[in-house]
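Notes for the one structure printed next.
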Amino acid sequence: MKSMEKIVSLCKRRGFLFQSSEIYGGVQGFWDYGPLGVELKRNLKDAWWHDMISGHNELVQCDGAPSTHEMVGLDSTIIMHPQVWKCSGHYDLFHDHMVDCRESKKRYRFDQVRGRWCEHRDKKIFVSTLAEMEQEEAEVRRRAMKFFKLRPKNADELTVGSESLTLDKLDSTTDVLAPESKTLDTLTEPREFNLMFKTTLGALGGENDTTFLRPETAQGIFVNFKNVVDSSRVKIPFGIAQVGKSFRNEITPRNFTFRSREFEQMEIEFFCHPDESQKWYTYWRDRRLAWYKELGLSDELLIMREHHKEELAHYSVGTADIEYAFPFLPEGEYGELEGIAHRGDFDLRSHMEGKLDPSTDPMTVQLGENGKPKYKGSGRDLSYRDLETNEKFIPHVVEPSAGADRGALAFLCEAYTEDEAPDEKGNLQTRTVLKLHPRLAPIKAAIFPLVKKEGMPEIAKELYGELKQQMPAFYDEKGAVGKRYRRQDEVGTPYCITIDGDTLTDKTVTIRDRDTLEQTRVKIDDVVAEIQQRIS
């Protein structure tokens, strides 16, 4: 299994990711993307936008699609009218369960604290920890030894279970040693915690001025459904896409950027006729899984998991998650990359009529004590009329919702490789290389003059200037060329171009492939076109 510790170390050392406000001790659950990280994440978002929206040919039926369809974009605000979140169900239903430790005064998300059963003589306890998966067993053993007051020479008296469990899988927390406590039974009963960030509109700051940072980008699309239809003249079936920041007040953010309090989403709300919604659900589910594979995620580490009925969100007719085997998870476990949800007509109907009541009939408006709708909808008609058939209906929605941060993390984990490559003398040396797909690589090509004399730097700088106008490129003339190769391998640059003595006579350069290590000679006038062709 790949080492998450090494991946995180590379990310900081090479400028992919930094802890937010690190010089002040950092802010948990927030991350800053460095010079290379911002390029990687931008490339991921650009690839998604091109493949799903701007590069989509709505006049030609895509493979597996029930019919031709249009795709358009949107960019909605982070702060919206508070009624949006009441009608969408987030105000009442968007929560996780948390527990507090009475001893340490710390708070944890109930389903994320992991641990193992430990037994000494006739006493059995569950020892929990916040350590990463690679250190979990060792940390559990260390804490159990301390709890039972065992010396190293008596370590064989302690039995540590092989199965890693989360607190929500236990029958009770009575025999649990909390992550930062010294005694048992210090955890409270789990209780609900709303994940939305509150904020205030205006200068008065009263209760009526309270609103929220959006916990998802989807609702901005739903409330603009009619605006898009009327202004763009799109016809069903069509999709509205959006890339943007969302915020969730996670109880215990963890696992690097996998679970953060500020994150970026790439979402599509695809509107279709109710009779065709199941076919479109299948289409988007299959298309999105294929996209990750095309960009390099391993088929062996990806799964498509259909939700069981009891897992489904209150609005969902069906949901499938695309999941990836991240290195920080136990062997055999997967983390969500993207969810594809069949939302029915819940969202548009909710914003028309008011918050619906999923506890009874999901199509029944929830009423307050006065008999009126508890959360009043907009009152706007968000139905759709087919101008050809004159049929009027509320469209069904299929939602492929991906995380840009989780996607970037998955591609980093997948790309991280340690192999052997020959140095300048032909000796095999261990190298660290990020085998990123060329479309995602932060730097597409690096240009090296072999030596800093004989006119080689001048030629290299001129070529660098030409490449820089077309793609992110890097110029390096410091150190042995082998070391320069290694530096570029470590950040995922797919091609290195070397200007050497032959360049001065025959006007050719060497292009070295990051993955195969193959070196080919190309005319210097053809380099830009050659690299463009290779990365496209």
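Here are the numbers for this structure:
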{"item": "The stretch 136-177: number of residues that are in a loop (DSSP other than H, G, I, E, B) and either closer than 17 Å to ARG121 by Cα or of a type in the set (A, V, I, L, M) (or both)", "result": "7"}
{"item": "Filtered residue count, the stretch 218-245, keeping only those that are small (Gly, Ala, Ser) and either part of a loop (DSSP other than H, G, I, E, B) or surrounded by fewer than 18 Cβ atoms within 10 Å (Cβ to Cβ) (or both)", "result": "2"}
{"item": "Those residues of the stretch 1-32 which are in contact with a strand residue (DSSP E or B) (Cβ under 6 Å, 6 or more places away or on another chain) and buried (at least 18 other Cβ atoms within 10 Å of the Cβ), in sequence order", "result": "ILE7, CYS11, LEU17, TRP31"}
{"item": "Pair list, Cβ < 9 Å and 6+ apart or interchain, from the stretch 14-42 residues that are in the same structural domain as ASN255 (by TED's automatic domain parsing) and assigned to a loop (DSSP other than H, G, I, E, B) to residues that are among the charged types (D, E, K, R) and surrounded by fewer than 16 Cβ atoms within 10 Å (Cβ to Cβ)", "result": "SER20/ASP32; SER21/ASP32; GLY34/LYS12"}
{"item": "ASP92 vs. criteria over 19 Å from GLN219 (Cβ atoms) and either out of contact with any Pro (no Cβ under 8 Å at 6 or more places or on another chain) or basic (Lys, Arg) (or both)", "result": "no"}
{"item": "Within the stretch 100-114, tally of residues that are among the basic types (Lys, Arg) and touching a residue at least 60 places away in the same chain (Cβ under 8 Å)", "result": "4"}
{"item": "Cross-chain or 6+ apart pairs with Cβ under 6 Å, the stretch 170-184 first and free of Cβ contacts under 8 Å to residues at least 24 places away in the same chain, then surrounded by fewer than 21 Cβ atoms within 10 Å (Cβ to Cβ) and not hydrophobic (A, V, I, L, M, F, W, C)", "result": "THR174/ASP185"}
{"item": "Qualifying residues in the stretch 520-534 (those that are surrounded by 15 or more Cβ atoms within 10 Å (Cβ to Cβ) and part of a helix (DSSP H, G or I)) - the one farthest from the chain's Cα centre (by Cα)", "result": "ILE524"}
{"item": "Matching option when the condition is surrounded by fewer than 19 Cβ atoms within 10 Å (Cβ to Cβ), over 14 Å from PRO400 (Cα atoms) and not charged (D, E, K, R), among GLY296, GLY354", "result": "GLY296"}
{"item": "Matching entry among ARG349, ARG380 (being surrounded by fewer than 18 Cβ atoms within 10 Å (Cβ to Cβ), within 23 Å of GLU216 (Cα to Cα) and either at pLDDT 85 or above or aromatic (Phe, Trp, Tyr) (or both))", "result": "ARG380"}
{"item": "Residue list for the stretch 300-352, filter: touching a residue at least 40 places away in the same chain (Cβ under 8 Å) and farther than 30 Å from VAL228 by Cβ", "result": "LEU301, TYR324, PHE326, PRO327, PHE328, LEU329, PRO330, GLU331, GLY335"}
{"item": "Test: residue in the stretch 115-136 that is within 23 Å of the chain's Cα centre (by Cα), at pLDDT 90 or above and of a type outside the set (A, V, I, L, M, F, W, C)", "result": "no"}
{"item": "Boolean, ARG431 is farther than 19 Å from PHE271 by Cα, modelled with pLDDT of 95 or more and either touching an Asp or Glu at 6+ places or on another chain (Cβ under 6 Å) or surrounded by 15 or more Cβ atoms within 10 Å (Cβ to Cβ) (or both)", "result": "no"}
{"item": "Scan of the stretch 102-135 for residues that are charged (D, E, K, R), outside any loop (DSSP other than H, G, I, E, B) and surrounded by fewer than 19 Cβ atoms within 10 Å (Cβ to Cβ), ordered by number", "result": "ARG107, GLU119, LYS123, LYS124, GLU134"}
{"item": "Residue match in the stretch 80-89 (condition: surrounded by 15 or more Cβ atoms within 10 Å (Cβ to Cβ), out of contact with any helix residue (DSSP H, G or I) (no Cβ under 6 Å at 6 or more places or on another chain), at pLDDT below 95 and of a type in the set (Gly, Ala, Ser))", "result": "yes"}
{"item": "From the options THR257, THR252, THR199, residue that is more than 29 Å from PRO395 (Cβ to Cβ), assigned to a strand (DSSP E or B) and under 29 Å from the mean Cα position of the chain (by Cα)", "result": "THR199"}
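The values are calculated or read from the model by the stated rules, or taken from the named source; none is laboratory data. This one's a predicted model, so the numbers in the text were calculated from it and none came from an experiment. Positions of Cβ are generated from backbone atoms using ideal geometry, with glycine treated the same way; all protein chains shown enter the neighbour counts.
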